1. Tell me which residues, restricted to region 82-94, are surrounded by fewer than 22 Cβ atoms within 10 Å (Cβ to Cβ) and either without any contact (Cβ under 8 Å) to a residue 24 or more places away in the chain or in contact with a helix residue (DSSP H, G or I) (Cβ under 7 Å, 6 or more places away or on another chain) (or both).
2. Those residues that are buried (at least 16 other Cβ atoms within 10 Å of the Cβ), closer than 12 Å to residue 76 by Cβ and either free of Cβ contacts under 8 Å to residues at least 12 places away in the same chain or under 11 Å from the mean Cα position of the chain (by Cα) (or both), I need them from region 50-65; list them, please.
3. Answer yes if at least one residue in region 69-78 is surrounded by 14 or more Cβ atoms within 10 Å (Cβ to Cβ) and in contact with a helix residue (DSSP H, G or I) (Cβ under 7 Å, 6 or more places away or on another chain), and no otherwise.
4. Which of the helices (runs of 4 or more DSSP H) contained wholly in region 1-90 include at least 2 residues that are modelled with pLDDT of 90 or more and either over 16 Å from residue 102 (Cα atoms) or out of contact with any strand residue (DSSP E or B) (no Cβ under 6 Å at 6 or more places or on another chain) (or both)?
5. Within region 19-49, count every residue that is in contact (Cβ under 8 Å) with a residue 12 or more places away in the chain and within 23 Å of residue 79 (Cα to Cα).
C-alpha cells in the first residue's frame, strides 16, 4: 500500500469538496471557477458520465471516444468519482486525460 498516494488522494478529495462549498457560498475564486466550469463542460459531454459520477462500469478510448463495457487495450476505466467535487480539485486529473494540470506550477 502506498501511503503517500492515499494521503495525496485524500487531499484532492478534501480540496475539491472545499472548493465546491466555496462556490455554493459565493466565495469562489473566479479565475479558478473558469477552469472548473470548463472541466464540467468536458465531463458533461463525456459518455462515461452517469448522473454526478464517472461510471466505473465503462471504459473509453481517449483517442476515438469509443466506449466499452469491458476492458480493452488502450481504453481507460471511469474513475467512479463524484464529479462536482473532482472537477473543483486543483490537483485532480481526468484519468482519460481530457482535463487536468491547469494549476500546475510551470
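The values are calculated or read from the model by the stated rules, or taken from the named source; none is laboratory data. All values derive from a computational prediction rather than experimental measurement. Positions of Cβ are generated from backbone atoms using ideal geometry, with glycine treated the same way; all protein chains shown enter the neighbour counts.
1. 84, 85, 90, 91, 93, listed by residue number.
2. The one that is buried (at least 16 other Cβ atoms within 10 Å of the Cβ), closer than 12 Å to residue 76 by Cβ and either free of Cβ contacts under 8 Å to residues at least 12 places away in the same chain or under 11 Å from the mean Cα position of the chain (by Cα) (or both): 54.
3. No, region 69-78 contains no residue that is surrounded by 14 or more Cβ atoms within 10 Å (Cβ to Cβ) and in contact with a helix residue (DSSP H, G or I) (Cβ under 7 Å, 6 or more places away or on another chain).
4. Output list reads 30-45, 83-86.
5. 14
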